Amino acid sequence: MEALSDLLLGLSVALTPANLFWCFVGVFLGTIVGVLPGLGSPATIAMLLPLTFRLDPTTAMIMLSGIYYGSKYGGSTTSILLNVPGESASVVTCLDGYQMARQGRAGPALGIAAISSFIAGTVGVLGLMLIAPPVARFAVRFGPPEYFALMCLGLAMVVFLAGKSMIKGLIATLFGIWLAGVGTDIFTAESRFTFGMMELLDGIDFIVVSIGVFAVAEVLVNLESQAGAELFKVPKGLRNLLPSLQDLKDSRFAFVNGSVVGFFIGVLPGAGSTIASFLSYGVEKAFSRHPEKFGTGAVEGVAAPEAANNSETGGALVPLLTLGIPGSATTAMLLAALILWGFRPGPLLIQENPVLFWGLVASMYVGNIMLLILNLPLVPLFAQILRLPYFVLAPAILGISIVGVYSVSQSLFDVWMLGVFGLLGYLMRKLDFPAAPLVLGLVLGDRLEQSLRQALMMSQGHLSILVMRPMSAGLLLLTVVILLMPVAGKIRSWRLKAAEEGI
Amino acid sequence: MRTKMREIGVLFALMGWGLVMPQAVPAWTPTRPVEAVVHTGPGGGSDIFARAIADLLQKEGLVPQRLQVVNKSGGGPTVAMAYLAEKKGQDHTIAFFTGVWVTNPLTRKEAKVTVKDLTHIARLVLEPAMIAVKSDSPYKNAKDFIEDAKKRPGQLRQSGGSVTGRDNLTRLVIEKATGAKWTFISFPSGRERIANLLGGNVEMMVIEPQEAREHVRAGNLRVIAALTEKRLPSFPDVPTTKEQGIDAPLVPQARGVVAPPGVSRDVAGYWEGVFDRFVKTNSWKKYLEENLFEDGYLKGPQMNKFFDELTVQMREILKEAGAKIVR
C-alpha cells in the first residue's frame, strides 16, 4: 500500500503540465539519440546538463532520465533496418530483426520492439516499486565470484548463437575474449597488446567491432551478390507494417523473460543492459519450441532482447533507491548531476526527497506511454527507408556506420578500426564463422577476467571460492548444464541413427 | 641624433603604455569557446568537477566565452595529456588534472608528456580521504584494522580503483610504516567499490568524505580514520591516522587546471588571473563546503614545487611496491 501512495505522490508531480512537457522533450531526444548509432545516452546527458541548471531539479531529472530510457527504444531501429546496432544493447536485436526486415517484415519487427520495450519498461518500474529492498540485498551479495559465474553463464550462450558449427562458434568467442584483453590491465596499470598505440590504451570499443562485423560486413557481402538485385521486400498496406496478433502471441514468453532477466541484471552494479540482452536471447532460444528459427527472423528474437534492455532501466534504479549506489553508468551520471543541484545523493536521498524520486518513477510510467505513442506511428515511416534501391542504401549504411563510430570518441583511428573489423566480418561470413559469438566474447571477456582475478585476490588464490558460495556455484552449475545441451542432442541423434541402422 | 631622440621618445611612450594597460585590459582574452579537457568519460570524477567549475565561472561572469568540456579518456590520463601535447602553444584549451596525472606517466612507456611539461595554471582543491569499514565491522579504529592485518597478513582486503591511484598508494605507505600487509582489489567503478564493501567482499576502503557522508548518516558505513593533517570539520569525532600512531606520509589528491605546453605568457597570465579571482568568490567557497573539499589553491608558478615533490615521493612508493618505473 505504501507503494501505491508513493506512486500517487509521484503522479501528482509527473502530471503537471511543465513536467509532462519536459518528459516528452526527454523521451523525444532519447529516441533520436537511440536511432543515431554511436551517440550514447551518458554523453548526451552530460552535454545537456548545463542547460538543465535553470530548471527545477525534479523536472530536470525527469527530462534527463527520459533521454536514458528513450534511447533504448530508438536503439533497435537501425539494428532492424540496416543491421547497424544503434546502441550496444541492440546488437542482439540485429540477429533476428534484420532477417525479419529482409523478409519484408521490418514493420512487425519495429512494432514488436516498441511494444516489448513498453511492456518491459513498465514491468521494470513496477519491480522497482514493489520488490526493491529484497532485490537490493541480492545485488550487494553479488561479489566477484558471482560475477565470474554470471559471465561464464553468459559465455555459455554461445551454444545458442553459434549456428551450424559449434567449433567455429567457440573460436569466434575466444577471439572476442582476446580482443577484450587489449588495453590497460587495471590490476597492474600495464598495457597489453597495444603495440605502442595510444588509441588502444582503453581497449577496442565494442560498438566499433559490432558495427564493423554486422553492418559493414553485410554491405560487403551484398555488394558481391548481383548489383541492383532487390534485397528487401516492403509490403504495401498499413496492416502489413504492424505486428500481427500471431506475432504478439509468439512473443508472450519473450516479454516475460526479457522483463525478468533485464530487471535482475539491471540491479547489479557491475553488469549492464548488453549482457542482459544476450542472456534473455539465450533463455528465449533455450525454452523455444522451434529454436532452429532463431537467427532467421524469429519475432521472439527481437522481443526478448528489447524487453531486457528496457526493464534494465528500472532495475538500475533499485540499488540507488535502497543503498544509494547507482546501478549503471547512466544512473551514476544522473546521480552526479544531483550534486550540482545541491542534493546529497546517498542512501537517504529518496527518503528525504520523496517528491524528486517518486516524481521520477511516475514520469517513467508516463514516458513509456509517450514512447509507445511516439514510436508506433514512426514504424511505417521508417520501414519505407527499405524501399530505397540498394545502390543508395549501401553508401548510406556505410555513411551512418562511419559517423556513428566517429561520434563515440571523435577519433579517426576508430574509423580505421571499423574498416578492419568490416573486413574481418566479411572474411568470417565467407568462412562461415558466426559474428555474434565474437561480439559476445568481447562484451563479457573484460568482466570475466576482472572478476576471476578479483575473486582469486579475495581468496588468496584459492579456486574453491568459486564453488563455495551458493549463488556462484548455482550459476556455474547452470552453465555446465547449458554447455552439455548440444552434446546431449548429439548423443540422442547418434542413438536414433544407430537404432535406425540397426534395424 | 635627432632620429635617435625620436626613437627613444617612442620607446618611452610605448613603455608607459605598457605599464598602464595590463591592469585595465588583459593582454589576451578568449574570443571563442574554450576547450576544457578531462581524462574521464561523461560522469567520471574529473568530468563532473570540470562541468561544475565551468558553470560557476559562467555564473560569476569571469570568462566571456563558454567552457566546453571535452572527454579524452584512455590509459588513465595518457590520452588527455598527449592531446594537450598536440595542442602545444595553442590558446583556447585548458585541462583539469588530478593526482594520477603525476603518478600514471611514471609507469607508462606510452606517455609522451609529464605534468612538468604542461603549463601550470592553478591548483584548486585537495580532496581529503578517510578509511571506512562496514558499520557492523569489528574494527572501531585504524589500529584495530592494522593489528588484525598483522595477525593475518594478506587476508584482509581493500576495494579501490587503479593501482596508481591514491587509495592504493595510501595502502602502500601505511603498510610500510606499520609492517601490516593486506590485499588491494581494483574495481573499475566507484559504485562497485562501495557495493563490495557493503556486501562484505572486502573489509575496508579509502573514501572521500563527500561519498562517505551519506552512507555514514544512513548507518551503512563507519569511518575509522581521517587521512589528513588535522581532523575534518565534517567528521570532528574521527581521529587522524597520526593521532592513532600511524606514522605514514599522506598521499594528496589534488585537482586543478593546466594548459598545453608552451602556452604564451599572456594566455597563462589570463587564466591565472581568472582563477585568482574565482577562488575568492562566494560560490566557490560554497562549492568547497558542499563537496567537503579542502581549499588547495596554489597559483601556477608555485605549482612546480608541489609537482616535483609529489613525483619524487610517488616514484619511491611505486618502486618499493614493485611497479615498473619508466621515468
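The values are calculated or read from the model by the stated rules, or taken from the named source; none is laboratory data. What you are looking at is a predicted structure, and each value in this text was computed from that prediction instead of being measured. Using ideal geometry, Cβ is built from the backbone for each residue, glycine included, and neighbour counts are taken over all protein chains shown. Calculation scope for accessible area: heavy atoms of the full protein, side chains included, ligands and nucleic acids excluded. Shrake-Rupley method; radii C 1.70, N 1.55, O 1.52, S 1.80 Å.
Please report, to two decimal places, log10 I(q)/I(0) for the range A:23-170 at q = 0.11 Å⁻¹ as given by the Debye formula with identical point scatterers on the Cα atoms and no solvent.
Log10 of I(q)/I(0), two decimals: -0.59.
Over all distinct Cα pairs, what is the inverse of the mean 1/r for the range A:2-501, reported as the Kirkwood hydrodynamic radius in Å?
On the way: mean 1/r = 0.0432 Å⁻¹.
This gives a value of 23.1 Å.
Partner chain Cβ atoms within 10 Å, averaged over the residues of B:43-55 - can you pull that number for me?
Values: counts 15, 6, 1, 0, 5, 9, 1, 0, 8, 4, 0, 2, 4.
Taking all residues of B:43-55 together, the mean is 4.
Quantify how strongly other chains surround peptide A:190-197 by giving the mean number of their Cβ atoms within 10 Å of each of its Cβ atoms.
Details: counts 6, 6, 0, 0, 2, 0, 2, 1.
That works out to 2 on average.
Can you tell me which lysines have their Cα less than 20 Å from the Cα of B:Lys176? Leave out same-chain residues fewer than eight positions away.
B:Lys143, B:Lys150, B:Lys151, B:Lys242, B:Lys319, B:Lys324
Quick one, what does Rg over Rh come out to for the range B:229-327 if you take C-alpha atoms and the Kirkwood Rh?
1.04
Where does chain B land on the Kirkwood hydrodynamic radius, alpha-carbon pairs, in angstrom? Walk me through the intermediate numbers first.
Details: mean 1/r = 0.0464 Å⁻¹.
With all distinct Cα pairs of chain B included, I get 21.5 Å.
Please give the net charge around B:Ile325, taking every other residue with its beta carbon less than 15 angstrom from that of B:Ile325, where Lys and Arg add +1 and Asp and Glu add -1. Kindly include the intermediate steps, with their values, before the conclusion.
Working: positive: B:Arg108, B:Lys109, B:Arg315, B:Lys319, B:Lys324, B:Arg327; negative: A:Glu190, B:Glu110, B:Glu316, B:Glu320.
Once all neighbours under 15 Å are counted, the net charge is +2.
Chains A and B: what accessible area do they bury, summed, in square angstrom to the nearest 100, with a 1.4 Å probe?
For chain A against chain B, roughly 4000 Å² becomes buried.
Amide H neighbours of B:Gln68 under 5 Å, counting only residues 5+ apart in sequence or on other chains, H built in-plane at 1.01 Å?
When sequence neighbours closer than 5 places are left aside, the close amide H contacts are B:Val34, B:Glu35, B:Ala36.
Taking the Cα centre of each part, how many Å lie between the range A:343-413 and the range A:58-85?
Cα centroid to Cα centroid, the span is 2 Å.
Which value, in Å² and to the nearest 10, is the accessible area of A:Met47 when all protein chains are kept and the probe is 1.4 Å?
Accessible area of A:Met47: about 120 Å².
Need one value: the accessible area of B:Met81 in square angstrom, 1.4 angstrom probe, rounded to the nearest 10.
Accessible surface of B:Met81 is approximately 0 Å².
I'd like the carbon and sulfur percentage of the solvent accessible area for chain A, probe radius 1.4 Å, heavy atoms only, ligands and nucleic acids excluded. Intermediate results must be reported in sequence, preceding the final value.
Numbers: 13990 of 19960 Å².
On chain A, the fraction of accessible area on carbon and sulfur atoms equals 70 percent.
At 222 nm, what helix-only mean residue ellipticity would chain A give, in deg cm²/dmol to the nearest 500, using -39500 (n - 2.57) for each DSSP H run of four or more? Please list the in-between numbers first.
On the way: 26 runs with 366 residues, N = 503.
So the calculated ellipticity at 222 nm is -23500 deg cm²/dmol.
Find how many whole Å separate the alpha carbon centroid of the range A:95-174 from the alpha carbon centroid of the range A:295-328.
8
Could you tell me which trypsin sites (Lys or Arg not before Pro) in the range B:165-270 are loop residues by DSSP with no more than 13 other beta carbons within 10 angstrom of their beta carbon? Provide the component values of the computation, followed by the final result.
Details: sites: B:Arg166, B:Arg171, B:Lys176, B:Lys181, B:Arg191, B:Arg193, B:Arg213, B:Arg217, B:Arg222, B:Lys230, B:Arg231, B:Lys242, B:Arg255, B:Arg265; in loops: B:Lys181, B:Lys230, B:Arg231, B:Lys242.
Of the trypsin sites (Lys or Arg not before Pro), the ones in loops of the range B:165-270 whose Cβ has at most 13 other Cβ atoms within 10 Å are B:Lys230.
Answer with one residue from A:Ser273, B:Pro33, B:Phe293: the one whose Cα lies farthest towards the positive end of the charge dipole of the protein assembly as shown, charges on Cβ with Lys, Arg +1 and Asp, Glu -1.
Among A:Ser273, B:Pro33, B:Phe293, the one farthest towards the positive end of the dipole of the protein assembly as shown is B:Pro33.
How much solvent-accessible surface does B:Glu289 expose, in Å² to the nearest 10, with a 1.4 Å probe and all protein chains in place?
140
As a check on your grasp of the helix formula, calculate [θ] at 222 nm for chain B: sum -39500 (n - 2.57) over DSSP H runs of n ≥ 4, divide by the residue count, round to the nearest 500.
Values: 11 runs with 137 residues, N = 327.
The helix contribution divided over chain B gives -13000 deg cm²/dmol.
At what distance in nm do the modelled label points of B:Lys230 and A:Leu376 sit from each other, each positioned 7 Å from its Cα along Cα→Cβ?
For B:Lys230 paired with A:Leu376, the spin-label model returns 6.5 nm.
With the crude spin-label approximation of a point 7 Å out along Cα→Cβ, what separation in nm comes out for A:Gln246 versus A:Phe391?
Placing both labels 7 Å beyond Cα along the Cβ direction yields 3.7 nm.
How would A:Cys23, A:Cys152 line up by accessible area, probe 1.4 Å, largest first?
Working: A:Cys23 0, A:Cys152 30 Å².
So, going from the largest accessible area down, we get A:Cys152, A:Cys23.
Which of the trypsin sites (Lys or Arg not before Pro) found in the range A:165-274 are loop residues per DSSP with 11 or fewer other Cβ atoms within 10 Å of their Cβ? Walk me through the intermediate numbers first.
On the way: sites: A:Lys168, A:Arg192, A:Lys233, A:Lys236, A:Arg239, A:Lys249, A:Arg252; in loops: A:Lys233, A:Lys236.
When the trypsin sites (Lys or Arg not before Pro) of the range A:165-274 are filtered for loop state and at most 11 Cβ neighbours within 10 Å, A:Lys236 remain.
How crowded by other chains is B:67-73, given as the mean number of beta carbons from other chains within 10 Å of each beta carbon?
Working: counts 1, 2, 4, 1, 5, 3, 3.
Taking the mean over all residues of the peptide, I get 3.
If all Cα-Cα distances of the range B:135-226 are sorted into 5 Å bins from 0 onward, what percent lands in each bin, rounded to whole numbers?
Taking every Cα pair in the range B:135-226, the percentages come to 3, 14, 25, 28, 20, 9, 1.
Work out the length of the dipole vector of the range B:135-226 about its Cα centre, built from +1 on the beta-carbon of each Lys and Arg and -1 on the beta-carbon of each Asp and Glu, and round it to the nearest 20 debye. Before the final figure, lay out the partial values.
On the way: 15 positive and 11 negative charges, 44 e Å.
It works out to roughly 220 debye.
Long-range amide H contacts for B:Arg157: which residues qualify at under 5 Å (H placed 1.01 Å from N, peptide plane, sequence gap of 5 or more or a different chain)?
Amide H neighbours of B:Arg157: B:Thr183, B:Glu203, B:Met204.
Which aspartates and glutamates does A:Lys285 reach when only Cα atoms under 18 Å apart count, and residues fewer than 8 places away in its own chain are ignored?
Result set, ordered by chain and number: A:Asp96, A:Asp247, A:Asp250, A:Glu300, A:Glu306.
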